[in-house]
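Here the structure comes first, spelled out in structure tokens, and everything after it is commentary.
A short reminder: the numbers here are calculations on the coordinates, not readings from a lab. Just so it is clear, the structure is predicted and the values come from calculations on it, not from any experiment. When we count neighbours, we look across all protein chains shown, and the Cβ atoms used for this are built from the backbone with ideal geometry, even at glycine.
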Amino acid sequence: MRLLDFTGPAVGLYVILQGCLLSLTAYVGGYSIYLIASQVLNRALASNLTTGQMLCKITLEHSLIAMALTTVVAILVASIGAYRAINIEPAQSLREL
């Protein structure tokens, strides 16, 4: 990207944005699997539970906290990669080919 005249901060922002989007996509996929699995478990074990109880339940507050933590960790980890990507000299990458 630096060879295409992107600035250092643009490269860093791209790496961080890519990490965040990938992590949020994984979070949505995992939460979707949870929603399906919790319905299956709650229906399968409904005979052992009293009326209105659920075996598997994640509140909206807990899911939002998990999403925020996922985003924060993704930003921190992607920042390390962004720092390393910014410090790569374009000429050095051409020499290694």
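Of note:
- In order along the range 29-34, the phi-based Karplus estimate (6.51 cos²θ - 1.76 cosθ + 1.60, θ = phi - 60°) of 3J(HN,Hα) comes to x, x, 5, 5, 4, 4 Hz; Gly and Pro are listed as x.
- Neighbour-count order for Arg95, Arg84, fewest beta carbons within 10 angstrom listed first: Arg95, Arg84
- Look at the alpha carbon pairs under 8 Å that are at least 6 residues apart: their mean separation over the length of the chain gives a relative contact order of 51 percent.
- From its DSSP helices (H runs of at least four residues, each -39,500 (n - 2.57)), the chain gives a residue-normalised ellipticity at 222 nm of -25500 deg cm²/dmol.
- 0 to 90° range, to nearest 10: angle between helix 60-86 axis and the chain longest Cα axis: 20 degrees
- Options [x] 28; [y] 23; [z] 48 - which one matches percent of Cα pairs over 24 Å apart as calculated here: [z]
- Karplus-derived HN-Hα couplings along the range 5-20 (A = 6.51, B = -1.76, C = 1.60, θ = phi - 60°), whole Hz, x at Gly and Pro: 6, 7, 6, x, x, 5, 5, x, 5, 4, 5, 5, 5, 5, x, 5
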